[in-house]
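Following: one structure in structure tokens, then a few remarks.
The values are calculated or read from the model by the stated rules, or taken from the named source; none is laboratory data. Quick caveat: nothing in here was measured; it's all calculated off a predicted structure. Virtual Cβ from ideal backbone geometry, glycine too; neighbours counted across all protein chains shown. The protein model used for the area step is the full one, side chains on, heavy atoms only, and it has no ligands, DNA or RNA in it. Shrake-Rupley method; radii C 1.70, N 1.55, O 1.52, S 1.80 Å.
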Amino acid sequence: MPGSTAGTGAVYPAETPPVQDGGVSGNLRQAIDTTTAAMLRARGSFKWTAPGPGGFGAAVAEMDFGAAPAILDALARLSADAKFGYLPPYLAEELAAACADFMLRRFGWGPDPALIHPVPDVIKALEIAITHFSRPGSPVILPTPAYMPFLIVPGFLGREIIQVRMQDEAGFFTFDFDAIAAAFRAGGHLLIFCNPYNPLGRVFTQDEMTQLTGVVDRHGGRVFADEVHAPLVYPGCRHIPYASTSDTAAAHTLTATSASKAWNLPGLKCAEVILTNEPDRQRWEDMGLFASHGASNPGVVANIAAFRRGEAWLDEVLAYLDDSRRLLADLLTRHLPQVRYRPPDGTYLAWLNCTAMELPQSPGTLVTDLAQITVVDGPAFGKGGDGAFRFNFATPQPILTEMVERIAAVLAAG
């Protein structure tokens, strides 16, 4: 049977050289633009069923562009062989090798495949980082506005959160290093560093990360680097893995990544934890099977296919998203000039600041309730979120245009 690996330690599927074609037809843009909201609702995803009949989904961080042919092919092979059991070691090893190769090609960083481990998702990776790689009982330091689960998970684990509000310079967000240092002095030990930044869209520079490393190192801290959006970076910016910036950064970092956001695979349950120092390697080994339990065979196979044969599809989608982030700027200028929006450096998530408008309720609530467009209201992201909302623009551009017009009709009416 094609692609079968029964009784072997072979790559799955068997033919996975690091080629660049990815099966892209060249017609992806046309296919995207002919997708309608009705078609998206009919697919039955949570993103598009949550708004109700006639509503629009822009809250959940998923894209509306289907899947890369290489991934569909790999999953079809897996299904044909009924590989639905627990994750075998050879697949975990192939995932590690594919992830390391992708990191080297895409970002110029070659982590050791032996130190790359599968986990179900980035949230599981964060739980592991807090529970096993931070000082027991210590608060977690979180720059805000922050990805919503980061404000919830530490509490489930019995940890306090020290929120450190990002500095907002006319929509360009930077770290408050003095406040981060104060959070370490207050007892914080693990800092959550999201790069590219959900929800603010920043891609941080080498200089910014060097400054951050200095603060963390002076206080004996740790960093959990969430780099799940790393492949989604636009021209003019470059993703630099935090752990790659220096030996000092590598010594205190646990990195989490996945193909889940760039190739739209979150429901398949697979991410990667990348270790970059010997003490963490030993601690991971001491944890045993618990650490990686839960990553699924379909998710691992899809990640392998994405990393090895999905880059051409990714680049075409990224070019479309680049157009969309600029289209969003034009639409807001035309319909809602009071809304402050800086096109993100990375991700497909827009941070829309409505504080210049006089509104009877928070803007995200108005948009969700009256425009029937589900977004995430700013307060859900912690300190600094009031008066803003997160808006997902990874949808066909005709739908994006209609959504902005609906939002304008509601917000402009006050």
Calculated P(r) tail over 20 Å for the stretch 256-349, as whole % of Cα pairs: 56
Estimated inter-spin distance, Thr401 and Glu278, nm [label 7 Å along Cα→Cβ]: 6.1
Added length on full extension, which subtracts the Cα-Cα distance from 0.36 nm per residue, Phe84 to Cys237: 51.1 nm
Residue-wise HN-Hα coupling along the stretch 270-278, computed from phi with Karplus coefficients 6.51, -1.76, 1.60 (Hz; x: Gly, Pro): 7, 9, 10, 9, 10, 8, 9, 7, 5
Net charge of neighbours whose Cβ lies under 12 Å from the Cβ of Gly220, counting Lys and Arg as +1 and Asp and Glu as -1: +3
Accessible area expressed per residue, the chain, with surrounding protein chains retained (probe 1.4 Å, Å²): 38
Three-way shape call for the stretch 285-398 based on the alpha-carbon gyration tensor, with the a/c threshold at 1.5: oblate
Spin-label pair Asp112/Arg334, simplified geometry with 7 Å Cα→Cβ offset, distance in nm: 5.5
Relative contact order of the stretch 191-350, defined on C-alpha pairs under 8 angstrom at six or more residues apart (%): 28
Estimated 222 nm signal from helices in the chain, with DSSP H stretches of n ≥ 4 weighted -39500 (n - 2.57), rounded to 500: -12000 deg cm²/dmol
Selection of GluC sites (Glu not before Pro), the stretch 302-388, meeting DSSP coil and at most 13 other Cβ within 10 Å: Glu358
DSSP beta bridges in the chain [antiparallel fraction, %, rounded to 5]: 55
Gain upon complete extension [Leu327, Asp73; 0.36 nm per residue less C-alpha separation]: 88.2 nm
Mean Cβ count within 10 Å, highest first, over the residues of peptides 403-413, 106-116: 403-413, 106-116
Peptide ranges 33-45, 338-350 listed from the most packed, as the mean C-beta count within 10 angstrom indicates: 338-350, 33-45
Distance between modelled label sites at Asp101 and Leu157, nm, 7 Å Cα→Cβ extension: 3.2
Accessible-area composition of the chain, carbon plus sulfur, in percent [1.4 Å probe]: 55
Total lysine pairs under 21 Å (Cα atoms) in the chain, excluding pairs fewer than 8 apart on one chain: 6
For Glu272, distant residues with modelled amide H under 5 Å away: Val119, Thr257, Ser258
Using distinct alpha-carbon pairs, which all enter the 1/r mean, Kirkwood radius of the stretch 163-224 in Å: 12.1
The stretch 107-225: mean projected area of Cα convex hull, nm²: 7.9
Relative contact order (percent, whole number), the chain, Cα cutoff 8 Å, 6+ residue spacing: 24
Cubic angstrom per residue, convex hull over Cα atoms of the stretch 335-414: 92
The stretch 360-414 - percent relative contact order, Cα under 8 Å, separation 6 or more: 37
Hydrodynamic radius of the stretch 222-289 per Kirkwood, over alpha carbon pairs, in Å: 13.3
